[in-house]
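The values are calculated or read from the model by the stated rules, or taken from the named source; none is laboratory data. As the structure is a computational prediction, the values presented were derived from the model and not from experiment. Here the Cβ positions follow ideal geometry from the backbone for every residue, glycine too, while neighbour counts run over all protein chains shown. The area values use the complete protein model at the heavy-atom level, side chains included, leaving out ligands, DNA and RNA. Shrake-Rupley method; radii C 1.70, N 1.55, O 1.52, S 1.80 Å.
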Amino acid sequence: MDVVWMLPLLLLFPLLMWTSSTFLFYFKKFFYVAWMMLLALLGIPVCLLKSGGRDVENMRVIRAMVRHVKYFFGLRIEVSGWEHLQTVGPYVIISNHQSSLDVLGMMEILPDRCTTIAKKELVYAGTVGLICWLSGIVFINRKKTSDAKSVMADAAKTMLDQQIRLWVFPEGTRNQNGDLLPFKKGAFHLAVQAQVPIVPVVFSSYNSFYLRKEKQFNSGTIKLKILPKIETKGMTSEDVSSLSDLSHSLMRTAFLEISDSVPQSNGPLKH
Ligand SMILES: CCCCCCCCCCCCCC(=O)SCCNC(=O)CCNC(=O)[C@H](O)C(C)(C)COP(=O)(O)OP(=O)(O)OC[C@H]1O[C@@H](n2cnc3c(N)ncnc32)[C@H](O)[C@@H]1OP(=O)(O)O
Ligand SMILES: CCCCCCCC/C=C\CCCCCCCC(=O)OC[C@@H](O)COP(=O)(O)O
C-alpha cells in the first residue's frame, strides 16, 4: 500500500486504542448498573416471598445474587482475617469507600443479619433502591445532621433489639485519592451508644485497575483485609474522637500495606 495512505492510519491507531479503552470504561460501568438493576428486579419478588416486606434477612438474597458479578469484570477478591468476623451478636463494620464497586467486596464477606447505612438518594435508584429498602438498609439525609443523628440513634436501638449488624462507610462519601479521608463520627457514636464492637474492614486501592478520571477499568485484584475487632464496652461519647482516630490509623496502615504503590488518580499521597 502507498505510504501516503499508511500515515493517516498510523495516526488513527492510537486514537482508536484510546477511544476503545474509554468506550470499554463506559460500557462496563453501564453494564454494571444495568445488571445490578436487573438482579434487583429479579430479587424483589424473592424478598417479598421470603419475608413479605422490609427485613434484614433479605440481605441474603442480595448477597447470593451479587457474588458472580466480579467475574464479568475479571476481578479477583482476596480476603484475609475471616476469623475477626466470627463474633457473636451485633457489631458495627466500618470500611473505606472508593466506588459503587465496593458492593462486590461487601457481598463477598457480608455476615448474616448485616445491613448498611446509605445516603437517602439511593432509595430512588429504581429497582436497586427498592431492594435496598426491602433489605433494611438505613437511609440517612447527609444534608441534615440532626436528622442523620436521630436516625443513627434509632439504629443503635434496633441493632440491639433485633440483633442486627451495621456496615458504615465512615468517610461518608466515595473517595479514590490514594488515601483515606478523615472519618465522620456517626459510626463511632453508633457503636458506643449500642456498646458493640467495631470491626474495621479495608479494601485495597482500586487505582491499579480502576481510574475514574482517566476512564480506565481493567481486570484486577481487590484485597479485603478484616482487622481485629475494637471493643467499645464502657466507652462514652467522650471516647468517640479517640476511637475514631484509632480506627483511622489502624485502617490507614492496613490500606497502605495491602495497596500496590501505583500512580494516584488525584495527586500524590497525603500524609
Ligand atoms: C442486586 C442489587 C444490589 C444492591 C446493592 C446493595 C448494597 C448497597 C450498599 C450501599 C452503600 C452506600 C454507601 C453510602 O451511601 S456512603 C454515604 C452515607 N453514609 C454515611 O455518610 C455514613 C458516615 N457518615 C456519618 O457517620 C456522619 O457522621 C453523619 C452522616 C451521621 C453526620 O454527618 P454530618 O456531616 O452531618 O456531621 P458530622 O459527622 O460532622 O457530625 C457533626 C457532629 O455531630 C456528632 N455526631 C455525629 N453522629 C452522631 C450521633 N449518631 N450521635 C451523636 N452525635 C453525633 C459528631 O460527633 C459531630 O460533633 P463534634 O464531634 O464535632 O462535636
Ligand atoms: C431511577 C434510576 C436511577 C439510577 C441510579 C443508579 C444507581 C446505581 C445502581 C446500581 C449500582 C449498583 C449498586 C450500587 C450501590 C452503591 C451506591 C453507592 O456507592 O453510592 C454512593 C454513596 O455511597 C456515596 O455517594 P457519594 O460519593 O457521596 O455521591
Which value in nm describes the separation of the simple spin-label points at K149 and S249, placed 7 Å from the Cα toward the beta carbon?
2.7
Nearest 10 degrees is fine. How inclined is helix 3-51 to the longest principal axis of the chain, computing both from alpha carbons?
30
Using +1 at the C-beta of Lys and Arg and -1 at the C-beta of Asp and Glu, which of V92, A125, F73 has the Cα lying farthest in the positive direction of the dipole of the chain?
A125
Using θ = phi - 60° and the Karplus curve 6.51 cos²θ - 1.76 cosθ + 1.60, what whole-Hz ³J(HN,Hα) does each residue of region 85-99 get, with Gly and Pro shown as x?
8, 7, 10, 6, x, x, 7, 10, 8, 10, 8, 6, 9, 9, 6
Neighbours of F188 by Cβ distance under 12 Å: Lys/Arg at +1, Asp/Glu at -1, summed charge -1
Can you give me the distance in nm between label points at A64 and S100, each placed 7 Å from the Cα along the Cα-to-Cβ direction?
2.5
Take the Cβ-Cβ distance between I77 and E231 as r, set R0 to 45 Å, and report the resulting FRET efficiency rounded to the nearest 0.05.
0.95
Find which of M6, S146, N177 sits farthest along the positive direction of the dipole of the chain, computed with +1 on the beta-carbon of Lys and Arg, -1 on that of Asp and Glu, about the Cα centre.
S146
Report the dimensions of the chain along its three principal axes from the alpha-carbon atoms, largest first, rounded to Å.
81, 48, 37
Please figure out what share of the DSSP beta bridges in region 3-258 is antiparallel and state it in percent, rounded to the nearest 5.
25
Equivalent ellipsoid semi-axes, region 21-168, via Cα gyration tensor eigenvalues times 5, rooted, Å
25, 18, 17
In whole percent, how big is the carbon plus sulfur part of the accessible area of region 3-258, probe 1.4 Å, protein atoms only?
65
Please check which bits of region 226-252 a label hung off Q195 would reach, taking the label as a point 7 Å along Cα-to-C-beta and the cut-off as backbone N under 12 Å.
232-236
What number comes out for accessible area per residue over the chain if the probe is 1.4 Å? Units Å², please.
52
Relative contact order of the chain, pairs being alpha-carbon contacts under 8 Å that are 6 or more residues apart, as %:
24
Mind giving me the nanometre distance, one decimal, between the label points for I44 and S242, set 7 Å out from Cα along Cα→Cβ?
4.9
